[in-house]
Every structure is written in structure tokens, then in C-alpha cells.
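A.B. asks: My structure is below; once you've seen it, I'll send some questions.
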Amino acid sequence: MQDEIDAAFHMEHIVARQHRGPMTEENLALACSGCNLHKGTNLCSLDPDTNQPVRLFDPRKDRWEDHFRRDGARILGITDVGRTTAWLLQFNSDLNLLQRQAILEKRALD
């Protein structure tokens, strides 16, 4: 079953080349274009709850379920890393919520 809505993916440098991130498999991950553009070269951002600097989620080292949970179409950060990443990458923008809701509705029909 294909869940993706015709989206192209970017090859994301987890640690940007600007910050001496290597061009290795361990430092690369697929990212939707929107997330990649929001992340940019950031390695961290400010936690929206505490206003403290926090590193971003690392898909090669972190486990998704340790930092996020889904509530319907929304993705909620359950740690400082999750909150900060969800906020910076705008996981719950109107467009992302609409796309995620469409995927969930399609799954319910299958």
C-alpha cells in the first residue's frame, strides 16, 4: 500500500556539510522537502515550552516513539527533543495536518 501523496524527498544531511557533516550513509536521511527546508542547517533550536536550546531529533540515533506520539493527525513531541523538532519542522502545519488526515482516512477505507 502506498501512503505517500506524490511527494519528492530530499537527501537530508543530519549534520549539515556547513558544520562539517560528512557525506556518509550515517549522516544522511530521507526527508520531505518541507521538513528539510524548515530544518536548514540547524542542529538545535529553542524548546517552545522552556525557551532553552535543545538538539534536534536524529533519525539515525533516536527512536521516534521515545520522542513523539500521534494524536489523530497531530504529531506531539513528548520530550524536549520531540517538542523542539516538531515545532521547528512545523509537523502540525495546516497543510501537514490535511495531508496526514487524508492518509489516515484512506487507511481506514482499506
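A.B. asks: Would you please name the residue that is nearest to residue 92 (Cα to Cα), looking only at residues in region 19-36 that are surrounded by fewer than 16 Cβ atoms within 10 Å (Cβ to Cβ) and under 11 Å from the mean Cα position of the chain (by Cα)?
C.D. replies: If we take residues in region 19-36 being surrounded by fewer than 16 Cβ atoms within 10 Å (Cβ to Cβ) and under 11 Å from the mean Cα position of the chain (by Cα), then 33 is nearest to residue 92 (Cα to Cα).
A.B. asks: Tally up the residues in region 47-100 that are within 24 Å of residue 16 (Cα to Cα), surrounded by fewer than 14 Cβ atoms within 10 Å (Cβ to Cβ) and touching a strand residue (DSSP E or B) at 6+ places or on another chain (Cβ under 7 Å), please.
C.D. replies: Result for region 47-100: 3.
A.B. asks: Could you tell me whether region 17-25 includes any residue that is assigned to a helix (DSSP H, G or I) and small (Gly, Ala, Ser)?
C.D. replies: Taking region 17-25 as the starting set, the residues that turn out to be assigned to a helix (DSSP H, G or I) are 17-19, 25.
Pick out the ones that are also small (Gly, Ala, Ser) and you get none.
No, every residue in region 17-25 fails to be assigned to a helix (DSSP H, G or I) and small (Gly, Ala, Ser).
A.B. asks: List pairs: first in region 86-110 and among the polar types (S, T, N, Q), second part of a helix (DSSP H, G or I), Cβ under 6 Å, 6+ apart or cross-chain?
C.D. replies: 90/38
A.B. asks: Within region 33-61, track down each residue that is small (Gly, Ala, Ser) and at pLDDT below 90. Before the answer, list the steps.
C.D. replies: If we filter region 33-61 for residues that are small (Gly, Ala, Ser), which is where we start, we get 33-34, 40, 45.
If the condition is that a residue be small (Gly, Ala, Ser) and at pLDDT below 90, then 33, 34, 40 are the ones that fit.
Conditions tested, residue by residue: (1) out of contact with any His (no Cβ under 9 Å at 6 or more places or on another chain); (2) modelled with pLDDT under 95; (3) not small (Gly, Ala, Ser).
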{"site": "23", "(1), (2), (3)": "no, yes, yes"}
{"site": "31", "(1), (2), (3)": "no, yes, no"}
{"site": "66", "(1), (2), (3)": "yes, no, yes"}
{"site": "99", "(1), (2), (3)": "yes, yes, yes"}
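A.B. asks: Mind checking which residues of region 66-97 are of a type in the set (D, E, K, R) and under 15 Å from residue 49 (Cβ atoms)? Step through it out loud before you land on a result.
C.D. replies: Pass one, region 66-97, residues of a type in the set (D, E, K, R): 66, 69-71, 74, 80, 83, 94.
Matches in region 66-97: 80, 83.
A.B. asks: If I go through region 55-110 residue by residue, how many of them are among the basic types (Lys, Arg) and assigned to a loop (DSSP other than H, G, I, E, B)?
C.D. replies: Filtering region 55-110 down to residues among the basic types (Lys, Arg) leaves 55, 60-61, 63, 69-70, 74, 83, 100, 106-107.
So of that shortlist, the ones also assigned to a loop (DSSP other than H, G, I, E, B) come out as 60-61, 63.
Qualifying residue count for the region: 3.
The values are calculated or read from the model by the stated rules, or taken from the named source; none is laboratory data. Keep in mind the model is a prediction, meaning the values are calculated, not measured. Ideal geometry is used to build each Cβ from the backbone, glycine not excepted, and the neighbour counts take in all protein chains shown.
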